[in-house]
Amino acid sequence: MLSKHFKKAAEVPCEPPLPPHPYLSLQGDEIRLLTINPGSPNLESTSQISCSLQHVDLPGSQDNGVGGGVADSGRHRGYARDWPELQTAPDKGRLLKTDSWVQKQVLSKYDEKSQQSLDPDVGGCTLAHEEGLPWRHSWGDYVALSYVWGPQTPAKTILIDGLPFLVGPNLYLALEQLRRSQRIQQGFKVWIDAICINQQDIDERGQQVGRMRDIYASAWQVVSWLGGGQDDSDMAIDALRYMARLPTEPGEIEGLYRVKRGMDVRPLFITWDSYESPFRKEVFKAILGFLTRPYWRRMWILQEVAMAHPEAPVLCGGKCLSWAEIRDAAALITADEERFGRLVTGTLPSTWNFEIGQARLSERRHLSPERLWRLMTELLQVQNDQNDASFPGVTTDMLRPLLLARDAAVTQEKDRVYGILGIKAVAERVSLVPDYTLPLAVNFQRFSSALLLGGNLDLFRLVSLLDKPIYTKGSLAGLGSRVLEAAPCVHNLPSWVICWTCAALPAAHLRAAYRAGGKPTVESQSAVVISDSCLRMQGLIVDTIVSLGTCHPAEATDDYPASGSKCSNNPYGGLDETREALWRTMVGNSTAQGECPAPEEYAWLLDPRIWRDAVAGVFAHGLGLESVMKRYGSLDLCGYSLKELIFGSGRTRRPWGERYYNPTKTQREALAWAVDVLAWRRLMSTESGRLGLAPTGAVVGTGSSFFRVAMCR
């Protein structure tokens with residue numbers, strides 16, 4: 001017998017599930033497009049969303065990109081690619097403080113620049129000017145929607161050809177906003193994967209996923225939907241649009257702040273300079289909310305953003321901005337990261353002046369510049385490469401989309417591979433037809449095989465060879481907690497295959513080609529042969545590892561630091577030459593931007609004071625050079641201990657002096673990059689006396705090898 005509670009619940013009638021939508025099969029090069037009935041301009045949000053589906057031929061390259069017929073004239077509806085809602089000016093009144101210094105110092109200097117490109121008569125046409133113009137195709141034109149599926153409950157009902165159709169809450173909000181936009185009311189159709197692909201037909205889904213590069217590239221515009229308005233997203237968009245029109249030159253940026261000078265009365269105390277921004281505090285919180293939206297972590301946006309035009313609209317709630325505005329706003333934050341970026345994240349206490357190393361910690365990585373404004377820059381660089389006709393595709397920048405894909409969020413793990421097949425740098429090397437019926441491990445192996453057979457060995461930078469999990473001591477989860485940083489692959493893959501699912505270490509990517517041994521002596525490319533699961537290629541064994549440092553201060557193992565036999569040879573020469581080899585190794589002889597070789601100013605990294613004590617005012621999350629010295633100061637490196645290379649010994653011992661204060665901008669960049677490079681890598685020396693960086697899984701006695709196109713990276 002049911003209890004009263006359960007009996008009452010059982011008596012509540014349940015709505016029967018909707019039958020599958022009666023899709024018609026796609027024929028040849030057809031795709032489906034959605035027409036959203038716009039309704040009245042003042043449409044209530046609660047009114048029914050009504051749409052219709054239409055089959056059209058996908059514009060293809062064989063007919064000049066305009067399948068289905070096209071207007072002969074170069075002027076057609078939307079010929080300027082403008083999105084009318086972008087012509088409105090941001091509301092700066094809600095962004096800036098009302099202090100008199102803001103009015104005099106900021107508004108009077110920057111207001112004229114901030115209003116540039118906001119005149120609706122500049123750089124585009126209005127819809128009234130397009131009356132009478134033909135469509136680009138005989139059947140009209142369309143935009144492609146880029147969005148996050150998100151949770152599919154509570155499902156919302158729309159009408160398609162008069163029949164009810166269930167969509168997720170986020171897509172429903174996107175449809176509501178789209179039907180209010182002028183271009184949709186003008187008659188532009190929409191391609192949306194959740195509706196225009198029969199998701200119940202696995203064969204069609206695989207076939208259409210393989211065509212998504214063409215679908216997005218052929219669209220009049222790619223429209224990005226970040227989600228409904230929340231967390232002051234309207235304020236964030238106004239702020240980013242305003243910032244996009246501000247100068248990024250260092251001298252100009254200084255004028256944005258009111259400076260309060262610190263006090264240096266050492267040895268009693270020291271306080272740092274503080275900077276007052278003209279923006280209200282709420283603005284920085286709103287920007288952080290915008291940059292941490294789920295959209296930016298979604299796998300499929302890599303390909304979709306790559307296909308978008310710089311002036312394509314990005315919609316969020318009831319407001320929008322362009323990708324070009326996001327690019328310029330991100331450039332401003334990057335140029336002023338130590339002040340503006342700090343205000344955005346709000347993670348650094350006032351007792352510290354600068355923060356480095358947070359991107360190397362799994363618990364804090366989501367609030368690091370790498371995952372916020374620098375992520376915007378990386379996405380837009382992929383977009384720039386995609387749209388640049390001179391970009392050859394076959395370049396080391398293929399690693400950029402691969403790295404972004406590895407860190408992205410997916411609903412299906414197979415999409416980590418399928419979701420980037422349309423990106424130019426990948427598409428020109430890999431020709432795979434998505435097949436969702438294949439096991440995950442098979443898909444990963446197919447993808448790695450295709451990349452290697454295309455002749456690019458940079459893929460090996462992403463391969464993890466861990467034999468046991470790596471934990472660190474947690475700082476946010478409570479005392480005694482452990483954080484899993486990375487684990488061995490559980491998919492039984494060959495060692496040369498990238499696993500896109502198992503957690504990868506949060507190591508910094510070395511963009512430059514680091515060659516510890518100088519220029520390669522062999523330039524020819526090694527042939528790659530793959531038979532079953534075995535990879536065969538020609539290489540050279542150049543040395544054997546004899547000592548290895550720890551890869552992280554919280555590394556939970558007793559196996560490191562590790563030392564074997566001492567090397568009896570030093571190919572660099574004397575002590576000074578070995579010290580130079582050390583600092584160049586610490587930064588991969590490069591800068592964070594990939595410039596190589598590293599500038600001579602980075603030799604400051606050998607200053608004994610920054611190895612004895614942390615640089616005053618710099619918060620390095622325990623990853624600073626003083627931590628490296630404590631962990632393996634006695635490690636043998638080319639016949640010297642690390643302590644001897646830094647502090648000297650006997651007659652060569654260098655005076656320590658007082659703690660280091662007020663490093664220059666270049667010195668801070670050098671320290672931040674050294675911390676990033678050394679985290680999750682092992683400083684090593686070899687039997688013949690070479691210095692280098694080894695992956696986390698390296699052990700003493702391992703042969704150090706290079707292939708003919710990738711030497712000692």
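Values quoted throughout were computed directly from the atomic coordinates according to the rules given, and no laboratory measurement underlies them. Everything numeric in this text was worked out from a predicted model, so none of it was measured. Please note: Cβ atoms are built from the backbone with ideal geometry, for glycine as well, and neighbour counts cover all protein chains shown.
Annotations for the structure displayed:
- Computed log10 I(q)/I(0) for the stretch 221-344 at 0.16, 0.20 Å⁻¹: -0.82, -1.15, from the Debye equation with unit scatterers placed on every C-alpha and solvent omitted.
- Modelled label positions at VAL529 and GLU577, each set 7 Å beyond Cα in the direction of Cβ, lie 4.1 nm from each other.
- Computed over the stretch 162-268, the ratio Rg/Rh where both radii use C-alpha atoms and Rh is Kirkwood: 1.23
- Taking the stretch 539-707 and dividing mean pair separation by its residue count, relative contact order in percent (alpha carbons under 8 Å, at least six apart): 43 percent
- Net +/- balance of residues flanking GLU626 in space, Cβ distance below 13 Å, scoring K and R +1, D and E -1: +4
- Residue-span extension gain [ALA194 to GLU428] - 0.36 nm each, minus C-alpha spacing: 81.5 nm
- Counting all C-alpha pairs of the stretch 282-391, share separated by more than 26 Å (%): 21 percent
- Listed pairs LYS285/LYS468; LYS189/LYS424; LYS319/LYS414; LYS92/LYS156; LYS566/LYS665 exceeding 29 Å between Cα atoms: LYS285/LYS468; LYS319/LYS414; LYS92/LYS156; LYS566/LYS665
- Inter-centroid distance (Cα atoms) of the stretch 161-203 relative to the stretch 281-309, Å: 21 Å
- D_trans [Stokes-Einstein, Kirkwood Rh over alpha-carbon pairs] for the stretch 539-707, 10 °C, 1.306 mPa s, µm² s⁻¹: 97 µm²/s
- At full extension, ASP559 and ASP161 could sit 136.7 nm farther apart than now, given 0.36 nm per residue minus the alpha carbon distance.
- If you plug the beta carbon distance of LYS566 and LEU484 into 1/(1 + (r/R0)^6) with R0 = 56 Å, you get a FRET efficiency near 0.95.
- Taking other residues whose beta carbon is less than 9 angstrom from the beta carbon of TYR602, and scoring Lys, Arg as +1 and Asp, Glu as -1, yields -2.
- Note on TRP139 and ALA324: the extension gain reaches 63.6 nm, defined as 0.36 nm multiplied by sequence separation minus the Cα-Cα distance.
- Label positions at GLU282 and SER495, each projected 7 Å from the Cα along the C-beta direction, are separated by 5.9 nm.
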